[in-house]
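No value in this document is a laboratory result; all are computed from the given coordinates. These numbers were taken from a predicted model, which means no experiment stands behind them. We place every Cβ from the backbone using ideal geometry, glycine too, and count neighbours over all the protein chains shown.
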Amino acid sequence: MRKTMTGVAIAFAALMSLAPMAGAQTLNLEGIKLPTAEENAKMPVPAVADPPPHIGIAVDVPGAKELPDPKLIYKVVFDLAPAAKSPDEINPGLLTVGRFVNTLAKYGVPQDHRKFIVVFHRGSTPAILTNEEYKKRNKGVDNPNIKIMDQLHKAGVDFRVCGQSVTFNHIDRKTIQPIVEVDLWAGTTILNLTARGYVHLGGES
């Protein structure tokens, strides 16, 4: 029980610190040592390593009490409901997942101790489409989520999509990226995973 709660605390703290503050337009990075391009390039998900505010790894905090623990097994279900602001932008939830993967990897948490599952539903559903289908639905705009999803999958992240969202959006199974599995309903997926010990993060704000 103690190990589980420690994992919850670390995961929640990391999510909150890496998410942009409400209403913030830019980050004041003066005096903050950011990861270098070389450091980001060595991470499992280098697609996150765009210019700020998309910081691909949590910045170092001298004297921090809680750090990622390589001995813990991190079981997290990321609930991605909101859409990106525009069709040409990566879903911000995927950027958060990438920062989690990179930060845990930086502190020595091995891939087999990172049990991450992303559940798409509601507004985030279009991210799961193949590029061809995404372009058809978005006036020729390429799917910006494919690259980071491929890198996350190679880093051990699993993807699920709500079957109800697939049905009501009239999505043909053939137009879903092959790395994405279709479940009955996001609600049952999240309930089942939390019952199996996963921490639930994300969802509607």
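Relative to the Cα centre, the charge distribution of segment 64-147, modelled as +1 at Lys and Arg Cβ and -1 at Asp and Glu Cβ, gives a dipole magnitude of about 80 debye.
Most tightly packed first, judged by the mean number of other beta-carbon atoms within 10 Å of their residues, the peptides 56-66, 75-85 read 75-85, 56-66. Two decimals, Cα atoms only, Kirkwood Rh: what is Rg/Rh over segment 46-205? A ratio of 0.97. Here's how it looks for ILE176: its modeled amide H is under 5 Å from those of THR130, which are all 5 or more places away or on a different chain. Treating r as the C-beta distance of ASP150 and ARG196 and R0 as 30 Å, the FRET efficiency rounds to 0.70. Put simply, the C-alpha atoms of segment 64-138 give a gyration tensor, and the ellipsoid matching it has half-axes of 30, 12, 11 Å, longest first. Averaging 1/r over each pair of different alpha-carbon atoms in segment 146-205 and inverting the result gives 12.9 Å, the Kirkwood hydrodynamic radius. The relative contact order of segment 63-205 comes to 32 percent, based on Cα pairs under 8 Å that sit 6 or more residues apart.
Computed 3J(HN,Hα) for segment 97-112, one whole-Hz value per residue from the Karplus formula 6.51 cos²θ - 1.76 cosθ + 1.60 where θ = phi - 60°, is 4, x, 5, 4, 4, 5, 5, 5, 4, 4, 8, x, 6, x, 4, 6, glycine and proline marked x.
Using 0.36 nm per residue and subtracting the Cα-Cα separation, the extra length available between LEU184 and PHE168 on full extension is 4.5 nm. Over segment 70-141, Cα pairs under 8 Å with separation of 6+ residues give a relative contact order of 48 percent. Taking a straight line from the alpha carbon of LYS106, these lysines sit under 29 Å away, with near neighbours fewer than eight places off in the same chain left out: LYS3, LYS33, LYS42, LYS65, LYS71, LYS75, LYS115, LYS147, LYS154.
Computed from backbone phi, the HN-Hα couplings of segment 176-192 come to 9, 4, x, 7, 9, 9, 9, 9, 4, 7, 4, x, 6, 4, 5, 4, 4 Hz, rounded to whole numbers (Karplus: 6.51 cos²θ - 1.76 cosθ + 1.60, θ = phi - 60°; Gly and Pro given as x). Between the C-alpha center of segment 176-205 and that of segment 57-120 there is a gap of 16 Å.
Ordering of 177-190, 94-107, 111-124 by packing is 94-107, 111-124, 177-190, highest average first (other Cβ atoms within 10 Å, averaged per residue).
Coupling constants for segment 133-142 follow from the phi torsions by the Karplus curve (6.51 cos²θ - 1.76 cosθ + 1.60, θ = phi - 60°), and in residue order they are 5, 4, 5, 4, 8, 10, 6, x, 6, 5 Hz; glycine and proline get x. Label positions at LYS85 and ALA41, each projected 7 Å from the Cα along the C-beta direction, are separated by 2.9 nm.
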